[in-house]
Each structure stands twice: as structure tokens, then as C-alpha cells.
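One structure below.
The values are calculated or read from the model by the stated rules, or taken from the named source; none is laboratory data. Here the structure is a predicted model, which means the values were calculated and not measured. Heads up, the Cβs are rebuilt from the backbone with ideal geometry, glycines too, and the neighbour counts pull from every protein chain shown.
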Amino acid sequence: MVPTVIIIRILFNRSHAYAYSSSECYFRIKEDIHHEGDAVIGVFFPVHSYYTGNKVPHPYLPYFFTDIHIQYNFKIYQLVLALVFTIDEINRNPHFLPNITLGFDFYNIPFSEKNILVNALIWLTGLSIPISNYNCVKERKSAAALTGPSWARSTHIATLLQLYKFPQLTVGPFDALLSDQDQFHSLYQMAPKGTSLSLAMVSLVIHFGWNWVGLIVPDDHRGTQFLSDIRENMEKNQICIAFVEMIQSTWNSFPYKYWKSFVTVQESLANIIIIYGDNDSLQGLMRNLGQQILTSKVWVMTSQWDVTNMADYFLLDSFHGSLIFSHHHEQIIEFKNFIQTVNPYKYPEDNYLPKLWFLFFKCPFSELDCHLLENCQPNASLELLPRHIFDMAMNEDSYNTYRAVYTVAHSLHEMSLQQVQMQPLGYGERMVFFPWQLHTFLKNIHVGANMALEWKQKSDDKYDILNFWNFPKGLGQKVKVGIFSPNVPQGQQLSLSEQMIRWPEKYSEIPQSVCSESCGPGFKKVSLEGKAVCCYDCTPCADNEISNETDVDRCMRCPESHYANTEKTHCLQKAVSFLDHKDPLGMALTTIALCFSVLTTVVLGLFVKHRDTPIVKANNRTLSYSLLITLTVCFLCSLLFIGRPNTTTCILQQTTFGVAFTVALATVLAKAITVLIAFKVTFPRKVVRWLIVSKTPNFIIPICTVVHLVLCGIWLRISPPFLDQDYHAEHENIIIMCNKGSSFAFHGVLGYLCSLALGSYTVAFLSRNLPDTFNEAKFLSFSMLVFFCVWVTFLPVYHSTKGKVMVAMEVFSILASSAALFGFIFAPKCYIILISPEKNSLHHVRKRPHSRGNTFLKT
């Protein structure tokens, strides 16, 4: 005796699994749907499944259990309604299939693969007990079979139907395995190939700047192919895969495998998870995720993995903000009107509608015949159900069902026209055909631009991008927020309305999913050894290098005429720099040079005015005049170093400076030698007097000058000074300066001058204590000592500075050494002439003890 079936409870809202008690009618109503017609389509969809309290699925109603649950998949039931809608639409068209009506036989198939061929055999044989290779159907009306949406169930049924060459149309997602005509020669797929799905998902990832993405795919041939495609597209666009989880579809792997996958997802830094698969292949994963709360992940998935219609495995909050890719298809407006008017009284042959009215609208059954009582809600409609339970819009699989029915209908229409042309039917006769005869028409049918079979249609894989909203909780819906069109120009393929997208509750703005934060302008990426290319460090650009974009691999060097700004994001034009008269430093040096030249000229005038005084005559006034004039030139030649240089000034700088200082040092040397001859030389007195009177020491000046001119001539001949630009001395400036040409020649001239100074210092030092009233040997030695120190110090300082500071250092050395000569030699004399004129008289000179030099030094 069969025990009474007790229904434990009815779960509504979030869970669509129900347990019932004391409603035997609910289970007595048969599960098949039959709609009579002259040509019948066999339909096999898994609308519902039975399972016990331990969640073990069963292929048929297990009467030996007392705790029975029924799980409905309302998304698949929509396929049944799409079938009914399409057949009604075709039968109402008088110009289509004239005198022929379409019907269908619907059979529920189990979710599991066990006993999946039972109903198919019942349909083929016409027997209530499936027996293969037997047919008790007197009049065959079956035209084709419609299966789906699972590829696995379609494959199992195909192995049976192709034995009889029975046409089979599948409405599920395209599967390359089912396209093998050698293995499945009677099977036709209605779905587009979906070759651009991976490109569409990668385009979305690129659009939001994500580069660290996790992948979850089924562990089968479809998952392997998708993983290969999306990995290729990701590598082309420098997007990294954080992890890959290959999920098995068997339930017994759930306790360990799915928990491990969940931990991987939860602990990963990737906030974007791409899921590819359908409800069958990822059922264990959905159950796992449904029992958790993950509000920090954004799920990017296909419409086949429909989280909004998946019973108690799904917790809506976890998937709020998900982005769903669905094949673009035209909307059949009449279908929504049809859904609004569907009820058990209008379509009594639909055995599922009374059960739905009983579940959702509390409509009771008659205890006598289990018919639904009339005293039910008059306005009850599927439209009143929440969208996460029943969606009014035609989904992708429903549209494929719509196309499949029209494909069969057009094939029958073409077949009937051919039969009429060959042999007109008599009155009351109807078309007689065999199912295998439809293959010829199915392979050549073209049902409008949007209804061609997959091998006939053009590859135009447009995808609608849907965003799952769950406001308020438990009342979710999918909203179209964008579209991907692969055949438009690159850069315009993805169109999104970002303001319409609702992200998971954790995010108030577009979420980020990167392995490393972006390197902003002014930085470049440095790869980390052993890490993915998306994982890197950011380092500032090197000197004079910039990056004005994010995440650049290398910085761009600025041209020599430009320099990088502080942020190293732009190259700025360098300013031209030189020691200008208008600069404070140039102005100061110019002022000093002019003041000293004027002062030297004044002293020269003073000496000319007092040329007959003892102090002027005693120190060889001719050499004094020559030295003052030369020092004036030395002060003025420093002005050649100030101002914008050119080729002429570059040559004049070194030659003028060298000649002027050579004459000055030679004059000092001549003075020192004159003193030394007067007091130290042991020649006879007449010879000494002749040497002094004939001004023989004065010939040192032209001799030394000629030597210097020869050196300058060699310098100018071999490698003369030239105008040069230094781009590297100063970061923000281009230094315009005079290049010395031959560094050896320049240092040779300085060495020659220093040797003259050293010689003058030696001679003057030997004469410093000679008895004479106006002996200037001490002052000559001090001036040469200072001159020598200035130029010895100049060399290291000169080579350690750059730009206009280096030029200023040379000018300062010229002025300092010239001022030393001028100050130490002429300051004491000017003091006597101007401050102590009593010492500058013949009477004062005669009072002091004289040596022979007094007479000899007067010139």
C-alpha cells in the first residue's frame, strides 16, 4: 500500500522548494502536457524535480518517502509557455500551414541523468511502459523533438533519436560538441555560436580598468574551450588571471571541492569573478555560494547561470550588482501580453498552471476530481509574481524555443507545398510525412533575418549586458545597462550606461580589481620576479624622464632642449642661461670691473700729474705707466666674459685676457729685475748704470708678450675657443658659454702666466730688504704671491662649477688678481702722494741714508 504523501512545508520568497501536506490532488495531477495537432512536436524540458528532505534528487515521484519536496525551475517553465505562445501564433495565421495545425507533447525530464530516456521512449513508442524498437502508434504525427537547455540531456536524447533519424532541435547554449555532424547528424542547434563572449567580457573588464580577475568554469570541454579563449584575449590586453577554478558538476564533490573553491574566491584579492557555465554544471558551486554572504565580489556571468531563478541554492544578497551577458535578441511584445492572460481556465491542458495557482494564489482543488475550483482570485496572474521567481520578459532560451518552433513550422510548410505540387490532396485528406523527411528542409530553411539556423546565420554575436538589482531584498530583477556589438569599429563595440549600474552594497562607486595600484604619471612599472605582469611596483622616472600616462612600462626621456617638471609628467622648454649684465651677479662683476678700471685710470692720471716727484721717478715711471694701462685693460677685458657670448667674444676673451696679464706680469718682472740689478748685481758700476739707463730690463715685456702670442697662435690654430651650449649643467637651463677648445692650451697659458708670476715673486722676494727710500720690492712680492694664490685656487674651483657660475669664477679671478697687483703696488704710492706729500719731497729723501740705487732708479 502506498503511504500517504505528507507535504512538510511550502517555502516561498527566497526558496522555491515546497513541502506540502494533505493535498493529494497536487500529486495526482499528471505532469505531461499534450496539445493535439496534425503535426506534433515532442518537447523534453526539466521543469521540476522531486527530492527528499536530505536534498537527494530523484528522477520520479518517490512514493516510499514521507518527506517529499518539489523543486520548480520557473525559468525553464517559461520555455513551455513560449512553446504554447508560438504554436498559438502559428495556428492563428491562416496563410501559414493552411489546413494544418501544430500541436505538442511535453514531457518533464529529470534534472539528473538517470532515467532520462524514459519519457523519450514513451513518446516514440506510444506505450506507458518504455520498450525500445516497438511502436503502437497507429498514426504518426510527430515531426521533431525539442530539447534543452542542458547540452548533456540533449546529448543523451540525441543518441536515441538519431537511431530513427528523428530531427532534434536544441534551445540551450551553443555547444561545439553537438555540431559534430558525424556524431549528431540529426541534431540542430538554435543558439548562436557565441564566439565573441570572451571578447565581450574582456572588453567590459578593460572598460572599468580591472586587470586582476578570477575565473570559475566547469571541468568539461566547454569550460576548457572558454578558458582558452578568454585567456588569449586577456593576455592580449594585459589582464591577469588571479585564479582558475575548474568545477565538477557532480554533487558528491561538493563537501570538499566546492568549499575549497569558495575559500579561494573569498580570500582572493580579485573583486571581479567571471563565471562561465550553466545551472547544471555549476549546481554545487551555486549551492555553496548561496549559503554564504559575499558582498565584496562582482560576478560577471552568462545568462545560462541564472542566479535569479535558482531555488534555495541562491541567496540574493550575494549576487546583487552582478553583470550578466545574454545573447541579444528581438523582444516579442505579444509574449508579455500572453503571459499576463495565461491561467488554468484558459489553458486547461497545461497541468502546471493549476499547481502554480495552488502554490501562489492559494486556489483549492476539488476533492472529487482534483480540478481547480472556480472561487479563486479573479485577477490572479503570473505578472503578480516577483521577478526573481518569474520574469515576464522573454529570455534567451525562450527566444530560441520561439525560433525552433517556427523553424519546424516553416519546414512543414515547405514540405506541404512540395507535396501539393506533386500530388494534390483530396478533400478531408491531410499531409502524411515521415520525420526524417524534414532534414532536407531544415538544412535549407531560413526563417527571416533573425531566425536562421546556426550554420546558416551570419556571425553577429551581440550581447545584452544585464545588471541584477535586488531592491528591496528578495525582489530582484535584471536591468539592461549595455550592449556589446563585435562587428562595429574597435573602440565602439561596448556601449554602457554606467549611471544605471548598481554595484554590490560594499561599493559606493565603481569597484577596483587590480593586483597592484596603478602607477600614476611620473612613475613607471617595475615587474616583480615570479609574479604576473599585473603585479608590479611603481618607481619614479629617472632624471629628465617623464610619463604622462598611467601604468607605463618605461618613461620617455625629454629632448636636450627640455627638462622634466618636478612631477615628471611634462617636458618644459629650457631657458637660455648665461652670465648676463642684468643678472645680479653679472651686474656686480660689471660694476666692480668698471670701478677698478676707472680707479686705475685715475691713478694713472695722478702719476702723470706727479711724474716729477721722487716717488714716481724712483720706481721707474715708464714701467708704472705701462702697468697701470695694462691693469686697466685687464679690468676691462673681464667685461668680455659678461653678456651673451658669440664666436668673436669667445676668441677675444682668452687672447685679450692672456696678452693683458702677460704684459702686466712682464712689467712687474721688469720692475723686480731693475731693483735687483741696482742693488745685487756685482757688475762694474758703469755696466750697471748702463743697464739701468738703457732700460734693458724693459725688453722683458715684449719678449714675454711674443712668447705668449706664439702660444695663443698655436692654440687658435689647433683648437680655438668656440661657442658651445651645455644642456646638462643645469636642469632647467641651457648654458650658452665659450668652450675653451683645447683644454691643454688653456691650461698651458695659465701655466705660463703662473710661471711669470712665480718668477716675478722670486726676483721681488730677493729684493725686498734692499736699502732704498721707495723700494717697492716688498709690495711686488706680495702682489705676485696673491696673484699666484688666486690662480692656483681658481683651477679646482673652476672645474667644480658649471654654467654661469664657472664664468663668474673666471671673471672674479681676473678681477681679484688684477686688483691684487693694483692694490699692493700702487696703494702705498697713492697714500704718499695724497695723504703724506711731505714724504714725496727731495728734502725728505736727502735726510735718509742713500744707497747707490737711488741714483740709478731715477728715470
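Filtering segment 833-851 down to residues that are in contact with a helix residue (DSSP H, G or I) (Cβ under 8 Å, 6 or more places away or on another chain), surrounded by fewer than 19 Cβ atoms within 10 Å (Cβ to Cβ) and not basic (Lys, Arg), which residue is modelled with the highest pLDDT?
Looking only at segment 833-851, we keep the residues that are in contact with a helix residue (DSSP H, G or I) (Cβ under 8 Å, 6 or more places away or on another chain), and these are 833-834, 838-842, 844-845, 851.
From what's left, surrounded by fewer than 19 Cβ atoms within 10 Å (Cβ to Cβ): 834, 838-839, 841-842, 844-845, 851.
Those still in the list that are not basic (Lys, Arg) too: 834, 838, 841-842, 844-845, 851.
Working: Leu834: 84, Glu838: 74, Ser841: 63, Leu842: 58, His844: 55, Val845: 52, Ser851: 43.
Only one residue tops the list, namely Leu834.
Conditions tested, residue by residue: (1) of a type in the set (Ser, Thr, Tyr); (2) in contact with an Asp or Glu (Cβ under 7 Å, 6 or more places away or on another chain); (3) in a helix (DSSP H, G or I).
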{"position": "Ser326", "(1), (2), (3)": "yes, yes, no"}
{"position": "Glu330", "(1), (2), (3)": "no, no, no"}
{"position": "Phe335", "(1), (2), (3)": "no, no, yes"}
{"position": "Asp350", "(1), (2), (3)": "no, no, no"}
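Specify which of the listed residues (Phe184, Phe174) is in a loop (DSSP other than H, G, I, E, B), touching a Leu at 6+ places or on another chain (Cβ under 8 Å) and more than 30 Å from Val263 (Cβ to Cβ).
Selected residue: Phe184, the only one of Phe184, Phe174 that is in a loop (DSSP other than H, G, I, E, B), touching a Leu at 6+ places or on another chain (Cβ under 8 Å) and more than 30 Å from Val263 (Cβ to Cβ).
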Test: residue in segment 331-345 that is over 29 Å from Gly103 (Cα atoms), at pLDDT 80 or above and either of a type in the set (A, V, I, L, M) or assigned by TED's automatic domain parsing to the domain that holds Tyr402 (or both): no
Scope segment 261-314; condition aromatic (Phe, Trp, Tyr), within 19 Å of Asn467 (Cα to Cα) and modelled with pLDDT under 80; matching residues: Trp305, Phe314
Of all residues in segment 565-588 being within 23 Å of His728 (Cα to Cα) and charged (D, E, K, R), the one that is surrounded by the fewest Cβ atoms within 10 Å (Cβ to Cβ): Glu567
Those residues of segment 379-394 which are farther than 16 Å from Glu334 by Cβ and among the aliphatic types (A, V, I, L, M), in sequence order: Ala380, Leu384, Leu385, Ile389
Those residues of segment 539-564 which are exposed (fewer than 14 other Cβ atoms within 10 Å of the Cβ), hydroxyl-bearing (Ser, Thr, Tyr) and over 17 Å from the mean Cα position of the chain (by Cα), in sequence order: Ser561
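Consider segment 398-420. How many of its residues are among the aliphatic types (A, V, I, L, M) and either surrounded by fewer than 24 Cβ atoms within 10 Å (Cβ to Cβ) or over 51 Å from the mean Cα position of the chain (by Cα) (or both)? Before the answer, list the steps.
Start the filter on segment 398-420 by keeping residues that are among the aliphatic types (A, V, I, L, M), which leaves 404-405, 408-409, 412, 415, 417, 420.
Narrowing the set further to residues that are either surrounded by fewer than 24 Cβ atoms within 10 Å (Cβ to Cβ) or over 51 Å from the mean Cα position of the chain (by Cα) (or both) leaves 409, 412, 415, 417, 420.
Going through segment 398-420 one residue at a time, the tally reaches 5.
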Meets criteria (surrounded by 15 or more Cβ atoms within 10 Å (Cβ to Cβ), over 28 Å from Ile736 (Cβ atoms) and either free of Cβ contacts under 8 Å to residues at least 24 places away in the same chain or in contact with a helix residue (DSSP H, G or I) (Cβ under 7 Å, 6 or more places away or on another chain) (or both)) for Cys534: no
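For segment 360-379, indicate whether the set of residues that are part of a helix (DSSP H, G or I), at negative phi, modelled with pLDDT of 80 or more and in contact with a helix residue (DSSP H, G or I) (Cβ under 7 Å, 6 or more places away or on another chain) is non-empty. Walk me through how you get there before you give the answer.
Applying the first criterion (part of a helix (DSSP H, G or I)) to segment 360-379 yields 360-361.
Right, trim to at negative phi and you get 360-361.
Add one more test, that the residue is modelled with pLDDT of 80 or more, and what stays is 360-361.
Cutting the leftovers down to in contact with a helix residue (DSSP H, G or I) (Cβ under 7 Å, 6 or more places away or on another chain) gives us none.
No: segment 360-379 contains no residue that is part of a helix (DSSP H, G or I), at negative phi, modelled with pLDDT of 80 or more and in contact with a helix residue (DSSP H, G or I) (Cβ under 7 Å, 6 or more places away or on another chain).
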Cβ-Cβ under 6 Å pairs, at least 6 apart or on other chains, segment 414-440 side closer than 18 Å to Ser186 by Cα, far side modelled with pLDDT under 70: none
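Identify, from the list Thr630, Thr591, the residue that is in the same structural domain as Leu723 (by TED's automatic domain parsing), over 30 Å from Ile546 (Cβ atoms) and either in contact (Cβ under 8 Å) with a residue 24 or more places away in the chain or surrounded by 21 or more Cβ atoms within 10 Å (Cβ to Cβ) (or both). Step through it out loud before you land on a result.
Working: Thr591 fails: either in contact (Cβ under 8 Å) with a residue 24 or more places away in the chain or surrounded by 21 or more Cβ atoms within 10 Å (Cβ to Cβ) (or both).
Only one candidate qualifies: Thr630.
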Criterion (touching a Phe, Trp or Tyr at 6+ places or on another chain (Cβ under 9 Å), among the polar types (S, T, N, Q) and surrounded by fewer than 24 Cβ atoms within 10 Å (Cβ to Cβ)) met by exactly one of Thr155, Thr224, Thr147, Thr170: Thr155
Test: residue in segment 390-405 that is touching a His at 6+ places or on another chain (Cβ under 9 Å), modelled with pLDDT under 80 and not charged (D, E, K, R): no
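Please indicate, with yes or no, whether at least one residue in segment 585-604 is under 30 Å from Glu517 (Cβ atoms) and among the hydrophobic types (A, V, I, L, M, F, W, C).
Filtering segment 585-604 for residues under 30 Å from Glu517 (Cβ atoms) gives none.
Looking through segment 585-604, none of the residues is under 30 Å from Glu517 (Cβ atoms) and among the hydrophobic types (A, V, I, L, M, F, W, C).
Conditions tested, residue by residue: (1) in contact with a strand residue (DSSP E or B) (Cβ under 7 Å, 6 or more places away or on another chain); (2) aromatic (Phe, Trp, Tyr).
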position: Ser577; (1), (2): yes, no
position: Gly586; (1), (2): no, no
position: Phe596; (1), (2): no, yes
position: Ile615; (1), (2): no, no
position: Ser624; (1), (2): no, no
position: Leu639; (1), (2): no, no
position: Ala666; (1), (2): no, no
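Conditions tested, residue by residue: (1) more than 21 Å from Leu169 (Cα to Cα); (2) assigned to a loop (DSSP other than H, G, I, E, B); (3) modelled with pLDDT of 80 or more.
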| site | (1), (2), (3) |
| --- | --- |
| Met415 | no, no, yes |
| Gln421 | yes, no, no |
| Tyr427 | yes, yes, no |
| Met431 | yes, yes, no |
| His439 | no, no, yes |
| Asn444 | no, yes, no |
| Glu454 | no, yes, no |
| Ser459 | no, yes, no |
| Ile465 | yes, no, yes |
Residue within segment 156-166 that is more than 22 Å from Lys462 (Cα to Cα), in a loop (DSSP other than H, G, I, E, B) and assigned by TED's automatic domain parsing to the domain that holds Tyr107 present: yes
